[in-house]
Every structure is written in C-alpha cells, then in structure tokens.
1. Please list, by residue number, every one of the chymotrypsin sites (Phe, Trp or Tyr not before Pro) in region 64-156 that is coil in DSSP and has at most 15 other beta-carbon atoms within 10 Å.
2. Taking the Cα centre of the chain as origin and charging only Cβ (+1 Lys, Arg; -1 Asp, Glu), how large is the dipole, in debye to the nearest 20?
3. Taking the Cβ of Asn113 as the center, what net charge do the other residues with Cβ under 10 Å away carry, scoring Lys and Arg +1 and Asp and Glu -1?
4. Set the bar at 23 Å for Cα to Cα. Now go through Lys92/Lys114; Lys90/Lys114; Lys180/Lys268; Lys131/Lys264; Lys229/Lys432 and name every pair that lies beyond it.
5. Tell me which DSSP H helices of the chain clear both cut-offs, 18 Å or more of axial length from alpha-carbon atoms and a mean Kyte-Doolittle hydropathy of at least 0.5.
6. Greater than 21 Å separation of Cα atoms is the criterion. Which listed pairs, Lys153/Lys377; Lys43/Lys288; Lys274/Lys377; Lys286/Lys362; Lys77/Lys377, meet it?
7. So the label point goes 7 Å from the Cα of Thr127 along Cα→C-beta, right? Which residues of region 178-203 then have their backbone N under 11 Å from it?
8. Go ahead and run the numbers for FRET between Arg369 and Leu100, Cβ-Cβ distance against an R0 of 22 Å, rounding to 0.05.
Amino acid sequence: MRIAILGAGYGGMAAAFDLVRARHQVTIFEAAGHVGGLAAGFKEPHWDWSVENYYHHWFASDKHMLGLIDELGLSEKVLFPRPYTVLLHKDKWYPFDSILNAILFPGLGWGLNKARFGLVGLYLRLTNNWKVLEKYTVDEWMGRWAGKTVYEKMWQPLVIGKFGPYANQVNMAWLWARLKARTTRLGTFEGGFQAFADAFGEKLRTLGVEIKLNTPIQAIQPQVDHTLKIQTDETGQNDETKFDQCLVTSSPRQFADLAPDLPKDYLKGLLELKSMGAVVMTLALKHKLSEAGHYWHNLPKNAGYPFLALVEHTNYVSPEHFGGDHIVYCGDYLESDHEYFELSEAELLERFIPALKRFNPKFERGWIRKTWLHRTKYGQPVPLVNHSQNIPSIQTPINGLYFASMSQVYPWDRGTNYAVEIGREAARLMGKDYPK
Ligand SMILES: Cc1cc2nc3c(=O)[nH]c(=O)nc-3n(C[C@H](O)[C@H](O)[C@H](O)COP(=O)(O)OP(=O)(O)OC[C@H]3O[C@@H](n4cnc5c(N)ncnc54)[C@H](O)[C@@H]3O)c2cc1C
C-alpha cells in the first residue's frame, strides 16, 4: 500500500516503523523542519546535548518506548539519573518523589490524614479498576476517600495547575493513571531527546520511509476509487498525491479542519474534546539556580508564582553537556486564550524574573545568557467524567483514514510512551484492513 502519515512525532514514526517493515510504501509529511514532534529539542553550537522544547523524561515503566529503543539497538544510550522533585510547604522545599519522602512530608501532620493519604495511595497503586474511577471527579473521589485536607494539600494543587478551569471536572481515572504508571526514576537519552528522534528518523529513512520535513498537509479528501487525496504545497503549486491509507497524528481540532468530509458525529466528537495548552520558557543561566540541587519544583497556583513548575534540567543532566550553561525551564499549562500565548518573550521574561529570586536570592538578571520560548495550544488533553465514551476510534468512518493522537491514549496521561503504543496499534489496524 501507499501510506501517508501526518506527523513525525513518536506516534507517526512508530507507526511508520511497523508499516515499512510490513513492506508498505510509507511517506511521512511533517510541518516542522525536524522530527520529534512535541518531544523535539534544540541545541546551541557550544552544547553537546540538545534541550527539549518542553521538559521531557521517561519513566522506568514506559515499556512501549523502552521496548522500541531496544528494538532499535539503542538501549545503552538510555540513562536514568536520580533527580530530586520537591514540593513547597510554608515557603520551604521538601523532597517529594518516593513513598518515604511522602511519609516524611510535614504538610499533613502525623495523624489520620497521613494514614488516609498512604492508604488511598496504596489502593490506587493496586487497583486496575479505572472504569469505576472515571465515573467520579478527582474532587468528589478524593474528597470522600482521602478527605478534604489531604486532597486540598496534596492533590488539588496538581489538578488545578494542570487543568485550570476544568480542575473540578477532571475524572479520577486520570489521577489513578499517573499514580499507577509513574516511577521516581526518570530516564533520558544520551545527547537529549532530539538525538534519539534523529536516530529514529535516520533508521526509518534507511528502511525506506520518505520523511518530508517542512511539508504541512493542507487537506485530506476521500476519492471515489477509495484512495485518499493528500494536498500539500510542496512545490508551491497545490500538490496532490493519492494514497491507499493515511494516518493522522495531529490534534483533534487540526484533524477536523483537514478532513471535513468525516461524518458529522465523528467531527463533533473531535471538536468536543477539551485540552490545555502549554507555555515553557527555557533559560540558559551562568550559575546554578537551586543550590540544593533540586530538579523539579512543584508550585501550587496559590503560592503566587507566575508559572506552575520550575525545572532545573542541569540538576538532572550535567551542565558540562551544555558548555557550562545551567538550564532552567519555567512552565505552565494554560487555556489557549490565556495572555501568555500573546505576550512577547521579553514581556513574559519580565513577569518571570522576580520569581527566580525566590529560588535563589543571589539570582540577578545578569545571570541570564539566553532564553527561548515554546508554546503549544495542544499540550494536555482534559479527561472529563466517563471520558472513555468520548474517545474517537483510531479507524475513522472514512475508508483508509486513521487517527492516533494524545487525546486517545486514555486512561493514560499523554506521553511519548503512549504515542509509541497508539502509533503501533494504528499500524496494526491499518495492516489488518488491507486489502480493502
Ligand atoms: C509541556 C509538556 C511536557 C511533556 N512531558 C513529557 C514527558 O516528560 N515525557 C513524555 O514521555 N511525554 C511528555 N509530554 C508528552 C509528549 O510530548 C507527547 O505525548 C508526544 O510527543 C506526542 O506524540 P505524537 O506523535 O502523538 O504527537 P506530536 O508529537 O504532537 O506529533 C505530531 C506531529 O504532527 C505535526 N503536524 C501537525 N499538523 C500537521 C500538518 N497539517 N501536516 C504535517 N504535519 C503536521 C506536528 O508538527 C508534530 O510534529 C509532554 C508534553 C508537553 C506539552
């Protein structure tokens, strides 16, 4: 078959890997000038490693991603350094990334609350029954079983931080999935995520996949002969090519715009899915910001910081890979009409600078060597109550047209591991449907 894939993120590349090895003719169309999608990175001339546009790491439980890396023969390049995640309590930072640290965290006192926190955490780690949990909001379920104090202290800041106006509508299966699948060990790739994406892209090319960078797909139209017409503007002359199948890995909204011939109820399902955007500023500093060596600072929205998380990447990966620069991310999840999507990089930096002093009183503006700003309006799908009923199928009602995105990996939270899983599942379905 001639197969078109929209997107050279991990979903699209994983699908291409299986499809080309099943001897199909695969072309990936990628709007950006590089592979890697949301997990892509950038590099300064004096850095050996790339820095991710949005902070990224793998969990030790990411079996689809780690399995793929193994198949590619690159496992020895995966590293699992031990970084420190901390939580703010009464203006002090406390380690918060292991069961022991959670037990020692002073925010809950030593009475019933701590026991409820521990028991609820244990239950969620052990149960697999997320279908029951998705019937309740996190608010309802946690309020009832963990209690108001535990919920407000430990979980509500995370839910508000990630989902803003949707915080009290997010379902409990989302929190279950985070607790179930995440590990304290965090992994990365030697050279950064972009080094892996580039190696994967090269492997695909040697297998025969054509990757067309800087080539956005503009429309997908089903034809009477059951092929799909893919429209791009590669030569500046509204190019059109026919394919037997097409896999789309963009946001649901983009997909709806590209394929308006989809039946009304499938389109409606796509357009009703909610998501949050992400805004991340990366700073290269001349000095270390967190002298205690903390990697990930969780910041409750009500603590008055202009962002949700401060992540000092070089307290995870050594600054020697970045020519001595200390790399700090300031990130937030926001609605797509938030002013942070409009402000210039300089304006946003002015908002952020006073907060940096709260992490290190010695911090001065002169420490900043360079900044970068990355923003995406599609950064975090929002799972509402009974969300499993709202997930669009990978096989769309149009013959030969498939869709695999972050919004469909539910009950898991989005992540490169699940992009690989859904990409490979899409490839399996596409192979199964052939010949038509
Ligand atoms: C702030 C943030 C932090 C994250 N942290 C982590 C983390 O720590 N660990 C982790 O594993 N995951 C993390 N993720 C999630 C991870 O990045 C995604 O789950 C994963 O990259 C999704 O891959 P994908 O292939 O589904 O989509 P994408 O990576 O979005 O790929 C889709 C591709 O399609 C392209 N495209 C869109 N429209 C068109 C068009 N019309 N024509 C051609 N190409 C098009 C895009 O340019 C893009 O390259 C994070 C995401 C964000 C936003």
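1. Those satisfying the criteria are Trp110.
2. In debye, rounded to 20, the chain gives about 1500.
3. Surrounding charge for Asn113 is +4.
4. Lys180/Lys268; Lys131/Lys264
5. Those that clear 18 Å and a mean of 0.5 are 112-126.
6. Flagged as over cut-off: Lys153/Lys377; Lys77/Lys377.
7. Counting only backbone N, you get no residues.
8. Efficiency, rounded to the nearest 0.05: 0.05.
Read-outs: derived from the displayed coordinates by stated rules, not from any lab. Small disclaimer: the values here were computed from a predicted structure and weren't measured. Neighbour counts run over all protein chains shown; Cβ positions are idealised from the backbone, glycine included.
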